[in-house]
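This report concerns only the one structure given below.
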Amino acid sequence: MYSQFSQPCPVIFGRGAIAALGEKIAELGCKKVLCVYESGVEQAGIADRAIKIIRDAGADVVSFKGVVPDPTTDVVDEGGAIARRENADCIVGIGGGSSMDTAKAISILLTKPGQAKDYVLAAPIFIDTKTPVILVPTTAGTGSEVTRVAVITRPDVNAKWSVFVNTTCTIVDPELTLTLPRSQTATTGMDALSHAMEAMTGKNPNPHSDLVGEAAIRKIAKNLVTAYNDPSNIEARSEMSLAATFAGLAFNDPITHVGHAIADALSCRYHTPHGYNCAIALPAAMRLVAPAVPEKMRVIAEAMGAALNGSETGEELGRIVADKIRELMRQIDLKPLSQLGCKREDVLALAPDVVANHLSSYCPVPVTEDVARDLLAEVYDAY
């Protein structure tokens, strides 16, 4: 029995690390950079700061500001058209997962023909674009900065599909998260928690994913509530940024599983934030897989701060972890689906979409429609 794990790209981490962006641009010899970001990044002044650093390094800059939550292939095509027209030779993605995933996908269109939908597929493929891609996260949660995955919505099939793309370098500066709204602090932090837990409990974990996954869980359990209640606490912000990066590294190889399949179905149906969807699905997903991976569930329970006596069964550990997750959700004011106007019967009707999502195949417990329906019922009823 063997496993495979990798370090997708170099990571520059620390307060003030954004200053290294110009050095990397110069080192790569890039002359025209396409900066990809969303409106919040521009409003926070982060985009202007990054653009100045790039220009000071001697490169021209073109901006694509059209990123939206759950970016679609149409958005990628729009950005790709600008990149092609301007002959960009580097893509810099600044923001949350939507900006970074869009940047990765745009890089494909610089060197490959066609449209984004030609590459964003239900069964993801790897595209070696040869285009330098630098990612600068401004949230602490998605982990997109250190994974090959770009998740893009295909409107033509009403599904979130993926493509794999290499990243050249990542710059993680916790100071860039200080302006993150509390609601996004909450949902992105839970996104990171789901990455770590699902990576450790799927079909294909490895020593690396177990190591960084556990570290991420411990940091999130200790720091998320502080970052939420005290947004200017740079120590908590730094720990959350590191946790998000660790969690991204954790799931880069094993991938996530049924929790994210549920989250994708909720995203397509209700367009609620991805991190919220991951949070609301995570307790049920952990309870499902616990009997199959009791040793991993014990590690997760301890990392979440649970007091154990050593005699707990896998099923009991699953309930303990689920309760710990829901307790954390209440501390950061996440609302149940019922308070968002979602009807129970509509949520349960998403079972076929959960089963059809390729991520369900990474779950150590077979996900049939009956299993998916039971999970969705728990997601709706138990919180």
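What ³J(HN,Hα) values, in whole Hz, does the Karplus curve 6.51 cos²θ - 1.76 cosθ + 1.60 give for segment 205-218 when θ = phi - 60°, with x put for Gly and Pro?
x, 8, x, 5, 5, 5, 5, 6, x, 4, 4, 5, 4, 4
Arranged from highest to lowest average of other beta-carbon atoms within 10 Å per residue, in what order do the peptides 76-84, 272-280, 222-230 appear?
272-280, 76-84, 222-230
Would you mind telling me which residue in 255, 53, 106 has the biggest mean-square fluctuation in a Gaussian network model of the chain, where springs connect alpha carbons within a distance under 10 angstrom?
Per the Cα network of the chain with a 10 Å cutoff, 53 tops the list.
If you filter segment 1-84 for chymotrypsin sites (Phe, Trp or Tyr not before Pro), then keep DSSP loop positions with at most 14 other Cβ within 10 Å, what is left?
Sparse-neighbourhood loop chymotrypsin sites (Phe, Trp or Tyr not before Pro): 2.
Would you list the P(r) distribution for segment 1-106, with all Cα-Cα distances sorted into 10 Å bins from 0 and each bin expressed as a whole %?
Going out from 0 Å in 10 Å bins, segment 1-106 shows 14, 44, 32, 7, 2, 0 percent.
Nothing charged except the Cβ atoms of Lys and Arg (+1) and of Asp and Glu (-1): what's the magnitude of the dipole of the chain about its Cα centre? Round to the nearest 20 debye.
Here the chain has a charge dipole of around 480 debye.
Taking the C-alpha atoms of segment 181-381, how large are the radius of gyration and the largest Cα-Cα span, Dmax, in Å?
Taking only Cα atoms of segment 181-381, I get Rg and Dmax of 15.5, 45 Å.
Tell me the net charge near residue 82. Cut-off is 12 Å between Cβ atoms, residue 82 excluded, with +1 for each Lys or Arg and -1 for each Asp or Glu.
For residues surrounding residue 82, the net value is +1.
Which value at 222 nm does the chain reach when only helices count, each DSSP H run of 4 or more adding -39,500 (n - 2.57), with the total divided by all residues and rounded to the nearest 500 deg cm²/dmol?
-16000 deg cm²/dmol
Provide Rg and Dmax in Å for segment 53-144, with only Cα atoms included in the calculation.
In Å, with Rg to one decimal and Dmax whole: 12.8, 41.
Counting other C-beta atoms within 10 Å, which of 52, 130 has the fewest, and how do the rest follow?
Taking fewest neighbouring Cβ atoms as first place, the list is 130, 52.
Quick one: work out Rg over Rh on the C-alpha atoms of segment 11-176, Rh as Kirkwood radius.
0.94
When you have a sec, figure out the Kirkwood radius of the chain from all distinct Cα pair distances and drop it here in Å to one decimal?
20.6 Å
To the nearest 20 debye, what is the magnitude of the charge dipole of segment 13-125 about its Cα centre, counting +1 on the Cβ of each Lys and Arg and -1 on the Cβ of each Asp and Glu?
That gives segment 13-125 a dipole magnitude of about 240 debye.
For the chain, take the longest principal axis of its alpha carbons; what is the angle in degrees between that and the long axis of helix 369-381, to the nearest 10 within 0 to 90?
That helix lies at roughly 90 degrees to the long axis.
Can you find, among 254, 188, 282, the residue sitting farthest towards the positive end of the charge dipole of the chain, where Lys and Arg contribute +1 and Asp and Glu -1 at Cβ?
After comparing all options, I get 188.
Around residue 239, with a cut-off of 11 angstrom between Cβ atoms, what is the net charge of the other residues, counting Lys and Arg +1 and Asp and Glu -1?
+3
At q = 0.17, 0.32 Å⁻¹, what is the base-10 log of I(q)/I(0) for segment 114-161 according to the Debye formula with one equal point scatterer per Cα and no solvent? Please give it to two decimals.
For segment 114-161 at q = 0.17, 0.32 Å⁻¹, log10 I(q)/I(0) is -0.64, -1.24.
Which of the lysines could be linked to residue 65 by a straight reach, that is with a Cα gap under 24 Å, when you skip same-chain ones fewer than 8 residues away?
Within the straight-line limit of under 24 Å, residue 65 reaches these lysines: 24, 31, 32, 52, 104, 112, 117, 130, 160.
Order by neighbour count: 219, 32, 24, fewest other Cβ atoms within 10 Å first, most last.
Ascending number of Cβ neighbours within 10 Å: 32, 24, 219.
Quick note: the coordinates plus some simple rules give every number you see, no bench work behind them. The structure presented is a predicted model; accordingly, all values stated were derived computationally and were not measured. FYI the Cβ positions are ideal-geometry reconstructions off the backbone, even for glycines, and counts take in every protein chain you see.
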